[in-house]
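Q: I am attaching a structure below and will ask some questions about it afterwards.
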Amino acid sequence: QSALTQPASVSGSPGQSITISCTGTSSDVGGYNYVSWYQQHPGKAPKLMIYDVSNRPSGVSNRFSGSKSGNTASLTISGLQAEDEADYYCSSYTGSFLFGTGTKVTVL
Amino acid sequence: QVQLVQSGAEVKKPGASVKVSCKASGYPFTRYFMHWVRQAPGQGLEWMGIINPSGGSTSYAQKFQGRVTMTRDTSTSTVYMELSSLRSDDTAVYYCTSGCSGGRCYPDYWGQGTLVTVSS
(Lines give C-alpha, C1' and ligand atoms only; values in the text may rest on other atoms or scores of the structure.)
Protein backbone atom coordinates (compact mmCIF):
# COMPACT_ATOMS: atom_id res chain seq x y z
CA GLN A 1 0.00 0.00 0.00
CA SER A 2 1.26 3.47 -0.84
CA ALA A 3 1.17 6.28 1.69
CA LEU A 4 -1.75 8.65 1.57
CA THR A 5 -0.92 11.87 -0.30
CA GLN A 6 -0.64 15.17 1.56
CA PRO A 7 0.80 18.52 0.46
CA ALA A 8 4.36 18.95 1.69
CA SER A 9 3.67 22.31 3.26
CA VAL A 10 0.88 24.71 4.10
CA SER A 11 1.27 28.13 5.65
CA GLY A 12 -0.94 30.84 7.05
CA SER A 13 -0.89 33.96 9.17
CA PRO A 14 -2.07 34.04 12.78
CA GLY A 15 -5.85 34.09 12.97
CA GLN A 16 -6.34 32.67 9.50
CA SER A 17 -7.75 29.27 8.60
CA ILE A 18 -5.84 26.63 6.70
CA THR A 19 -6.86 23.27 5.27
CA ILE A 20 -4.67 20.21 4.77
CA SER A 21 -5.81 17.58 2.30
CA CYS A 22 -5.22 13.84 2.46
CA THR A 23 -5.90 11.81 -0.67
CA GLY A 24 -6.22 8.05 -0.76
CA THR A 25 -8.30 5.51 -2.60
CA SER A 26 -11.65 3.82 -2.30
CA SER A 27 -9.86 1.03 -0.40
CA ASP A 28 -8.82 3.30 2.45
CA VAL A 29 -9.92 6.93 2.87
CA GLY A 30 -12.88 6.67 0.56
CA GLY A 31 -14.15 3.33 1.73
CA TYR A 32 -14.39 3.87 5.47
CA ASN A 33 -14.87 6.67 7.99
CA TYR A 34 -11.69 5.65 9.79
CA VAL A 35 -9.56 8.69 9.07
CA SER A 36 -7.49 10.22 11.85
CA TRP A 37 -5.08 13.15 12.09
CA TYR A 38 -1.94 13.52 14.18
CA GLN A 39 0.05 16.59 15.14
CA GLN A 40 3.78 16.26 15.73
CA HIS A 41 6.07 18.95 17.05
CA PRO A 42 9.82 18.58 16.39
CA GLY A 43 11.40 15.94 18.59
CA LYS A 44 8.07 14.95 20.12
CA ALA A 45 5.72 12.01 19.80
CA PRO A 46 2.63 12.45 17.61
CA LYS A 47 -0.63 13.55 19.21
CA LEU A 48 -4.08 12.38 18.09
CA MET A 49 -6.13 15.41 16.98
CA ILE A 50 -9.04 13.89 15.02
CA TYR A 51 -10.48 10.38 14.71
CA ASP A 52 -13.30 8.86 12.69
CA VAL A 53 -12.98 11.72 10.16
CA SER A 54 -14.34 14.49 12.37
CA ASN A 55 -14.27 13.59 16.06
CA ARG A 56 -11.96 15.33 18.52
CA PRO A 57 -10.49 13.52 21.52
CA SER A 58 -11.04 15.13 24.87
CA GLY A 59 -8.78 18.14 25.35
CA VAL A 60 -8.21 18.94 21.67
CA SER A 61 -9.14 22.49 20.71
CA ASN A 62 -12.32 22.97 18.66
CA ARG A 63 -10.20 25.04 16.27
CA PHE A 64 -9.33 21.68 14.70
CA SER A 65 -11.96 20.07 12.51
CA GLY A 66 -12.04 17.23 10.02
CA SER A 67 -14.12 16.26 7.03
CA LYS A 68 -14.13 13.92 4.07
CA SER A 69 -15.38 13.90 0.50
CA GLY A 70 -14.86 10.86 -1.65
CA ASN A 71 -11.26 9.69 -1.44
CA THR A 72 -10.00 12.94 0.13
CA ALA A 73 -10.06 13.85 3.80
CA SER A 74 -9.28 17.31 5.13
CA LEU A 75 -8.08 18.87 8.36
CA THR A 76 -8.96 22.50 8.94
CA ILE A 77 -7.26 24.64 11.55
CA SER A 78 -9.13 27.85 12.25
CA GLY A 79 -7.81 30.84 14.16
CA LEU A 80 -4.25 29.73 13.41
CA GLN A 81 -1.86 30.16 16.36
CA ALA A 82 1.90 29.99 16.65
CA GLU A 83 1.63 26.76 18.63
CA ASP A 84 -0.06 25.09 15.66
CA GLU A 85 3.23 25.13 13.75
CA ALA A 86 4.04 21.43 13.45
CA ASP A 87 3.90 18.44 11.14
CA TYR A 88 0.50 16.88 10.53
CA TYR A 89 -0.19 13.33 9.40
CA CYS A 90 -3.43 11.79 8.29
CA SER A 91 -4.05 8.07 8.51
CA SER A 92 -6.56 5.46 7.52
CA TYR A 93 -7.17 2.80 10.17
CA THR A 94 -8.64 -0.25 8.50
CA GLY A 95 -7.14 -3.09 10.52
CA SER A 96 -3.74 -1.56 10.00
CA PHE A 97 -2.64 2.04 9.93
CA LEU A 98 -1.75 3.67 6.63
CA PHE A 99 -0.24 7.09 7.20
CA GLY A 100 -0.05 10.11 4.96
CA THR A 101 3.15 11.66 3.67
CA GLY A 102 2.94 14.49 6.18
CA THR A 103 2.40 18.25 5.93
CA LYS A 104 4.52 20.91 7.54
CA VAL A 105 2.37 23.78 8.77
CA THR A 106 4.13 27.12 9.07
CA VAL A 107 2.63 30.08 10.88
CA LEU A 108 3.90 33.20 9.15
CA GLN B 1 -1.99 9.08 34.56
CA VAL B 2 -1.22 6.85 31.61
CA GLN B 3 2.47 6.53 30.84
CA LEU B 4 4.36 4.55 28.24
CA VAL B 5 8.07 4.48 29.03
CA GLN B 6 10.41 3.07 26.42
CA SER B 7 13.93 1.74 26.69
CA GLY B 8 16.93 3.81 25.73
CA ALA B 9 18.68 4.45 22.45
CA GLU B 10 20.45 1.60 20.70
CA VAL B 11 23.28 1.37 18.17
CA LYS B 12 23.42 -1.83 16.17
CA LYS B 13 25.44 -3.23 13.31
CA PRO B 14 23.80 -4.35 10.06
CA GLY B 15 22.46 -7.87 10.36
CA ALA B 16 21.97 -7.67 14.12
CA SER B 17 18.70 -7.58 16.05
CA VAL B 18 17.27 -4.99 18.41
CA LYS B 19 14.66 -5.38 21.14
CA VAL B 20 12.83 -2.27 22.34
CA SER B 21 10.67 -2.31 25.45
CA CYS B 22 7.63 -0.24 26.38
CA LYS B 23 6.43 -0.29 29.99
CA ALA B 24 2.83 0.79 30.53
CA SER B 25 1.39 2.27 33.71
CA GLY B 26 -1.69 4.17 34.82
CA TYR B 27 -4.24 1.75 33.36
CA PRO B 28 -4.97 -2.00 33.35
CA PHE B 29 -2.26 -3.36 31.06
CA THR B 30 -4.53 -5.78 29.21
CA ARG B 31 -7.20 -3.16 28.47
CA TYR B 32 -5.70 -1.63 25.31
CA PHE B 33 -3.93 -3.02 22.28
CA MET B 34 -0.38 -1.74 21.73
CA HIS B 35 0.84 -0.51 18.36
CA TRP B 36 4.38 0.12 17.18
CA VAL B 37 5.11 2.97 14.78
CA ARG B 38 8.50 4.09 13.48
CA GLN B 39 9.84 7.27 11.93
CA ALA B 40 13.07 7.47 9.98
CA PRO B 41 15.04 10.72 10.27
CA GLY B 42 13.16 13.51 8.50
CA GLN B 43 10.56 11.07 7.23
CA GLY B 44 6.94 10.22 7.96
CA LEU B 45 5.24 7.73 10.25
CA GLU B 46 5.17 4.02 9.45
CA TRP B 47 2.98 1.47 11.20
CA MET B 48 4.73 -1.76 12.10
CA GLY B 49 2.13 -3.85 13.88
CA ILE B 50 -0.08 -4.44 16.88
CA ILE B 51 -0.20 -6.75 19.88
CA ASN B 52 -3.08 -7.64 22.15
CA PRO B 53 -1.57 -7.61 25.67
CA SER B 54 -4.39 -9.79 26.92
CA GLY B 55 -3.76 -12.90 24.85
CA GLY B 56 -0.55 -11.97 23.09
CA SER B 57 -1.98 -12.19 19.57
CA THR B 58 -0.23 -10.06 16.98
CA SER B 59 -0.69 -8.60 13.52
CA TYR B 60 2.25 -7.23 11.57
CA ALA B 61 2.51 -4.93 8.57
CA GLN B 62 3.35 -6.96 5.49
CA LYS B 63 6.61 -5.05 5.08
CA PHE B 64 7.93 -6.38 8.40
CA GLN B 65 6.56 -9.92 8.27
CA GLY B 66 9.32 -12.36 9.14
CA ARG B 67 11.56 -9.70 10.69
CA VAL B 68 9.48 -8.31 13.55
CA THR B 69 8.26 -10.01 16.71
CA MET B 70 6.06 -8.36 19.31
CA THR B 71 5.67 -9.93 22.73
CA ARG B 72 4.41 -8.93 26.11
CA ASP B 73 5.07 -9.65 29.79
CA THR B 74 1.92 -9.16 31.82
CA SER B 75 3.81 -9.47 35.10
CA THR B 76 5.70 -6.26 34.36
CA SER B 77 3.14 -4.56 32.07
CA THR B 78 5.75 -4.40 29.35
CA VAL B 79 5.52 -4.88 25.62
CA TYR B 80 8.54 -5.70 23.47
CA MET B 81 9.28 -5.16 19.79
CA GLU B 82 12.18 -7.08 18.29
CA LEU B 83 13.40 -6.34 14.78
CA SER B 84 15.96 -8.65 13.20
CA SER B 85 18.31 -8.57 10.19
CA LEU B 86 18.76 -4.85 10.68
CA ARG B 87 19.69 -2.66 7.71
CA SER B 88 20.77 0.96 7.55
CA ASP B 89 17.28 2.00 6.50
CA ASP B 90 15.93 0.65 9.79
CA THR B 91 17.54 3.64 11.48
CA ALA B 92 14.56 5.38 13.01
CA VAL B 93 12.75 6.43 16.16
CA TYR B 94 10.47 3.62 17.27
CA TYR B 95 7.31 4.49 19.20
CA CYS B 96 4.85 2.38 21.13
CA THR B 97 1.31 3.75 21.26
CA SER B 98 -1.81 2.61 23.06
CA GLY B 99 -5.15 3.79 24.41
CA CYS B 100 -8.63 4.04 23.01
CA SER B 101 -10.35 7.02 21.49
CA GLY B 102 -13.62 6.25 19.76
CA GLY B 103 -15.28 2.95 19.03
CA ARG B 104 -12.41 1.82 16.83
CA CYS B 105 -9.94 2.52 19.66
CA TYR B 106 -7.49 4.89 18.07
CA PRO B 107 -4.36 4.91 20.23
CA ASP B 108 -3.93 8.23 21.97
CA TYR B 109 -1.02 7.63 24.36
CA TRP B 110 2.53 7.50 23.04
CA GLY B 111 5.88 6.51 24.44
CA GLN B 112 8.77 8.96 24.24
CA GLY B 113 10.35 7.09 21.36
CA THR B 114 13.52 5.01 21.09
CA LEU B 115 16.19 5.90 18.55
CA VAL B 116 17.70 2.86 16.89
CA THR B 117 20.76 3.56 14.80
CA VAL B 118 22.03 0.90 12.41
CA SER B 119 25.59 1.55 11.34
CA SER B 120 28.71 -0.43 10.62
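Q: Where residues in segment A:1-60 are in contact (Cβ under 8 Å) with a residue 60 or more places away in the chain and among the aliphatic types (A, V, I, L, M), which of them is nearest to B:GLU46 (Cα to Cα)?
A: A:ALA3
Q: Would you be able to say whether some residue in segment B:53-75 is more than 19 Å from A:ALA3 (Cα to Cα), part of a strand (DSSP E or B), more than 13 Å from the chain's Cα centre (by Cα) and within 14 Å of another protein chain (Cβ to nearest Cβ)?
A: Checked against the condition, which is being more than 19 Å from A:ALA3 (Cα to Cα), part of a strand (DSSP E or B), more than 13 Å from the chain's Cα centre (by Cα) and within 14 Å of another protein chain (Cβ to nearest Cβ), segment B:53-75 yields no hits at all.
Q: A follow-up question, please. Being closer than 20 Å to B:PRO41 by Cα, surrounded by fewer than 21 Cβ atoms within 10 Å (Cβ to Cβ), polar (S, T, N, Q) and in contact with a strand residue (DSSP E or B) (Cβ under 8 Å, 6 or more places away or on another chain) is the filter here; which residues of segment B:85-118 pass it?
A: Scanning segment B:85-118 gives B:SER88, B:THR91, B:GLN112, B:THR117.
Q: B:SER77 is checked against (1) at pLDDT below 95; (2) buried (at least 17 other Cβ atoms within 10 Å of the Cβ) and fails just one. What number does that condition carry?
A: All conditions are met except number (1).
Per-residue answers, yes or no, for (1) among the aromatic types (Phe, Trp, Tyr); (2) within 26 Å of A:SER91 (Cα to Cα); (3) in contact with a strand residue (DSSP E or B) (Cβ under 7 Å, 6 or more places away or on another chain):
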| residue | (1), (2), (3) |
| --- | --- |
| B:VAL2 | no, yes, yes |
| B:ALA9 | no, no, yes |
| B:GLY15 | no, no, no |
| B:TYR27 | yes, yes, no |
| B:ARG31 | no, yes, no |
| B:ALA40 | no, yes, yes |
| B:GLY55 | no, no, no |
| B:ASP73 | no, no, no |
| B:TYR80 | yes, yes, yes |
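Q: Let me ask you something else. Which one of B:ALA16, B:ALA61 is open to solvent by 10 Å² or more (accessible area, probe 1.4 Å) and either in contact with a Lys or Arg (Cβ under 7 Å, 6 or more places away or on another chain) or under 30 Å from A:LYS104 (Cβ atoms) (or both)?
A: B:ALA61
Q: Here's another thing I want to ask about it. Looking only at segment B:99-120, count how many residues are outside any loop (DSSP other than H, G, I, E, B), facing chain A (nearest Cβ under 8 Å) and more than 16 Å from B:GLN1 (Cα to Cα).
A: Total meeting the criteria: 1.
Q: Given the condition over 11 Å from the mean Cα position of the chain (by Cα), modelled with pLDDT of 95 or more and within 27 Å of B:TYR60 (Cα to Cα), answer yes or no: does some residue in segment A:56-71 qualify?
A: Checking segment A:56-71: at least one residue is over 11 Å from the mean Cα position of the chain (by Cα), modelled with pLDDT of 95 or more and within 27 Å of B:TYR60 (Cα to Cα).
Every residue, every condition in (1) facing chain B (nearest Cβ under 10 Å); (2) in contact with a Cys (Cβ under 9 Å, 6 or more places away or on another chain); (3) under 17 Å from B:ARG38 (Cα atoms); (4) surrounded by fewer than 20 Cβ atoms within 10 Å (Cβ to Cβ), yes or no:
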residue	(1), (2), (3), (4)
A:SER21	no, yes, no, yes
A:GLY31	no, no, no, yes
A:PRO42	no, no, yes, yes
A:VAL53	no, no, no, yes
A:ALA73	no, yes, no, no
A:GLY79	no, no, no, yes
A:GLU83	no, no, no, yes
A:LYS104	no, no, no, yes
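The values are calculated or read from the model by the stated rules, or taken from the named source; none is laboratory data. Computed from a predicted model, the values in this text were never measured in an experiment. In this analysis, Cβ positions are derived from the backbone assuming ideal geometry, glycine residues included, and neighbour counts consider all displayed protein chains. Only protein heavy atoms, including side chains, enter the accessible area calculation; ligands, DNA and RNA are left aside. Shrake-Rupley method; radii C 1.70, N 1.55, O 1.52, S 1.80 Å.
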